[in-house]
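Following: one structure in structure tokens, then a few remarks.
The values are calculated or read from the model by the stated rules, or taken from the named source; none is laboratory data. Model, not experiment: these values are computed from the prediction. Positions of Cβ are generated from backbone atoms using ideal geometry, with glycine treated the same way; all protein chains shown enter the neighbour counts. Just the protein is used for accessible areas: all its heavy atoms, side chains included, with ligands, DNA and RNA removed. Shrake-Rupley method; radii C 1.70, N 1.55, O 1.52, S 1.80 Å.
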Amino acid sequence: MALLEIRNLSVDFATHSGQFRAVDGVDVTVDEGDLLAIVGESGSGKSVSMLALMGLLPWTATVTADKLEFDGQDLRTISARARRRIVGKDISMIFQEPMSSLNPAFTIGWQIKESLRKHTDMTRSQRQDRAVELMRQVGIPAPEKRLQAYPHQLSGGMSQRAMIAMALANKPKLLIADEPTTALDVTIQAQILELLTGLQQETGMALVLITHDMGVVAETVQRVQVQYAGQRVELQEVGGLFQNPHHPYTAALLAALPERATEKRLPTIPGVVPGQFDRPAGCLFSPRCSFADARCIAQRPSPAGPELGRALCHYPLIDGQPTGKESAA
Amino acid sequence: MLSFLIRRLATFIPTFIGVTVIAFAFIRLLPGDPILLLAGERGVSAERYAELQHQFGFDQPVWRQYIDYVIGIFHGDLGTSFSTKRPVLDEFMQLFPATVELGLCAIVLATLIGIPAGVIAAVNRGKFFDQALMSSALVGYSMPIFWWALLLIIVFSGTLGWTPVSGRMGLQYYFDTPTGFMLIDSLLSGQSGAFRSAVSHLILPTIALATIPLAVIARQTRSAMLEVLGEDYVRTARAKGMSPLRVNGVHALRNALIPVVTVIGLSVGTLLAGAILTETIFSWPGIGKWMVDSIFRRDYQVVQGGLLLIALVVMIVNLIVDVLYGFINPKIRKG
Ligand SMILES: Nc1ncnc2c1ncn2[C@@H]1O[C@H](COP(=O)(O)OP(=O)(O)OP(=O)(O)O)[C@@H](O)[C@H]1O
Ligand code: SF4
Ligand SMILES: [Mg+2]
């Protein structure tokens with residue numbers, strides 16, 4: 001049984017100008033010990049879908065799903081209190097901005113031990129020992145001293161390490177890392193990613209890595225989920241994805257890499273992700289897709305089979321060529 | 001922390017000089033002859049005039065007078081009251097506890113209600129409680145104290161007869177006041193009913209005096225909380241599975257308190273100004289009433305000394321607030 005199973009997750013925000021669908025029917029499946037990457041341009045609903053899972057969205061958000069199950073528990077029907085026993089213990093999350101994600105008014109040690117106090121019945125000295133152990137585990141030198149530091153006394157990289165230590169405190173089964181390196185220096189980025197994947201191997205937890213970094217995807221990840229405009233457009237093993245992308249969006253992402261996967265940032269494709277007011281009626285990628293035809297503009301595609309990476313496309317690509325066009329014409 | 005304290009103390013010096021200059025100039029800038037002013041309405045003979053002129057040093061150059069005045073301050077010499085013939089400092093020390101008691105009760109009441117109210121309003125932004133609280137805060141802030149105090153007296157002392165109209169203690173009680181704080185002294189006296197009487201005398205003036213700071217603190221807490229609630233670290237706290245009470249009341253509030261403490265410190269000045277009116281209306285024997293009475297008596301030595309002492313109190317309170325601010329804001333403590 002999968003550790004995390006999300007079916008047909010949608011998130012709508014109430015805005016001044018009406019409802020805005022930020023996540024549109026996304027599926028996510030994560031097995032125990034899995035390493036899944038979610039990639040996609042800014043605004044494709046990566047963060048929002050994971051925040052929905054954590055129950056961290058503001059009250060303006062309406063979350064619906066056919067299935068939202070973690071470790072056998074239905075998160076749709078669970079009470080807020082019961083959910084808080086899971087969130088922060090079995091699922092933890094780290095964020096893009098480590099500096100602002102730590103509370104400036106409390107020491108690092110206080111913040112780590114708070115998690116232990118909430119979810120375990122450790123004694124004071126056990127919590128101190130565990131905190132030191134965690135700091136060591138994430139590679140922070142002089143842990144005892146750093147536990148007494150305030151966040152503003154740490155660098156960005158150190159802050160993210162402290163965030164990771166805090167997230168690992170209760171040995172989670174699933175860690176969600178939302179662009180954990182975007183805000184950091186390039187040299188630090190690699191270190192943090194190495195730390196995360198190393199810890200994942202070491203602890204056997206599952207890791208969902210939201211990232212813009214195609215290089216990381218190529219090197220470390222097992223499966224890749226590509227999202228576009230709030231939808232999942234492709235899901236593949238990493239090898240297959242790079243060799244034979246089935247969705248035109250994935251293909252465009254990869255083609256835009258000057259040397260495949262050497263460019264650190266997600267390459268740009270002409271056009272922008274549709275927003276609240278310019279959502280196409282048919283395929284959401286149709287305004288930017290080089291294979292788009294009348295059917296694409298009028299009709300929403302449904303996902304292909306697993307052999308085609310569940311590509312959300314009328315004409316999934318095989319070796320760069322659209323398939324099924326003749327029958328449609 | 002130490003260097004922060006030293007730097008902060010250094011800013012004390014120019015402020016102190018400014019305050020002494022103002023207090024020093026006060027008597028000399030009043031229209032009319034200062035000796036005649038100081039002597040009051042009774043008038044003086046020619047010999048007495050010369051004697052006084054010498055006594056107050058008006059026969060000296062101004063800079064000399066100022067230096068003597070400052071030296072006198074350091075010796076605790078703030079002049080003598082014309083009406084009671086007692087040193088101004090003694091009178092101040094005797095009356096000051098009454099004002100402190102009233103002021104402390106008011107600031108405690110304003111803080112204890114204002115901070116939670118501001119937090120609840122921010123968390124329920126735009127909902128009924130928020131709108132009700134913000135409207136009442138606006139009313140509370142703009143209400144003239146004397147009008148509000150009289151209204152309280154009319155309703156609670158007059159119509160309902162629940163509280164006494166004036167003073168600090170029922171006339172049937174008599175005991176020593178070693179601390180000057182009626183709440184404490186009444187307990188020490190062991191007389192049954194004395195503490196109750198102290199409390200009932202304190203209630204209305206406290207409410208009258210607390211109203212404006214309460215409105216200010218509630219509004220400041222709300223806006224600081226609104227700012228802080230959108231911060232990433234609040235989301236982190238929720239991601240750790242913390243309860244809403246803990247997220248709002250610990251993670252968010254601790255940060256929101258930083259500007260609120262400043263506002264509480266600043267409201268001490270407002271509070272002393274408010275105390276002048278409140279004490280006068282409720283016949284509360286504190287320094288506010290003392291100042292007003294002295295002005296009416298033209299006891300300018302008292303007014304001059306009182307001004308200086310009140311300014312000193314405000315300065316010291318602000319210093320304490322700054323130190324406190326350093327404690328709740330780790331970024332400053334390091335500096
Ligand atoms: N609280 C909110 N209210 C309204 N709209 C929101 C809110 N949070 C996110 N959105 C919108 O939802 C969409 C998806 O946002 P999301 O943050 O999930 O994107 P993302 O894929 O994580 O992008 P990025 O790579 O920039 O982090 C965006 O268009 C964003 O503007
Ligand atoms: S459905 Fe059509 S427009 Fe959409 S991705 Fe496929 S080919 Fe392109
Ligand atoms: Mg994001």
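General remarks:
- Each residue in region A:28-48 was checked for being more than 14 Å from every other protein chain (Cβ to nearest Cβ) and within 10 Å of ligand 3 (Cβ to nearest atom), and 7 pass.
- Selection count where residues are more than 7 Å from chain B (Cβ to nearest Cβ) and either touching a residue at least 24 places away in the same chain (Cβ under 8 Å) or β-branched (Val, Ile, Thr) (or both), scope region A:114-125: 3
- Residue list for region A:73-103, filter: away from every other protein chain (no Cβ under 12 Å) and open to solvent by 50 Å² or more (accessible area, probe 1.4 Å): A:73, A:76, A:77, A:79
- Within region A:307-329, the set of residues being at pLDDT 85 or above, open to solvent by 70 Å² or more (accessible area, probe 1.4 Å) and assigned to a loop (DSSP other than H, G, I, E, B) comprises A:310, A:319.
- Taken over region A:159-183, the criterion of being within 16 Å of ligand 3 (Cβ to nearest atom), in a loop (DSSP other than H, G, I, E, B) and of a type in the set (A, V, I, L, M, F, W, C) is satisfied by A:183 alone.
Residue-wise test of (1) among the aromatic types (Phe, Trp, Tyr); (2) more than 18 Å from the chain's Cα centre (by Cα); (3) modelled with pLDDT of 90 or more.
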| position | (1), (2), (3) |
| --- | --- |
| A:5 | no, no, yes |
| A:15 | no, yes, no |
| A:22 | no, no, yes |
| A:25 | no, no, yes |
| A:57 | no, no, yes |
| A:68 | no, no, yes |
| A:73 | no, yes, yes |
| A:81 | no, yes, yes |
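- Restricted to region A:104-142, and to residues there that are more than 29 Å from the chain's Cα centre (by Cα) and not aliphatic (A, V, I, L, M), the residue that is most open to solvent (accessible area, probe 1.4 Å) is A:124.
- Every pair of residues 6+ apart whose Cβ atoms lie under 6 Å, when the first sits in region A:159-182 and is within 16 Å of ligand 2 (Cβ to nearest atom) while the second is open to solvent by 10 Å² or more (accessible area, probe 1.4 Å) and not in a helix (DSSP H, G or I): none
- Filter result for residue A:182 (surrounded by fewer than 17 Cβ atoms within 10 Å (Cβ to Cβ) and within 16 Å of ligand 1 (Cβ to nearest atom)): yes
- Residue that is modelled with the lowest pLDDT, among those in region A:247-276 that are in contact with a Ser or Thr (Cβ under 9 Å, 6 or more places away or on another chain) and in a loop (DSSP other than H, G, I, E, B): A:266
Table: residues versus (1) buried (at least 20 other Cβ atoms within 10 Å of the Cβ); (2) more than 19 Å from residue B:148 (Cα to Cα); (3) within 10 Å of chain A (Cβ to nearest Cβ).
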{"site": "B:211", "(1), (2), (3)": "yes, no, no"}
{"site": "B:232", "(1), (2), (3)": "no, yes, yes"}
{"site": "B:236", "(1), (2), (3)": "yes, yes, yes"}
{"site": "B:241", "(1), (2), (3)": "yes, yes, yes"}
{"site": "B:245", "(1), (2), (3)": "no, yes, no"}
{"site": "B:252", "(1), (2), (3)": "yes, yes, yes"}
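- When residues of region A:49-63 are limited to those that are within 14 Å of chain B (Cβ to nearest Cβ) and not in a helix (DSSP H, G or I), the one farthest from ligand 1 (Cβ to nearest atom): A:55
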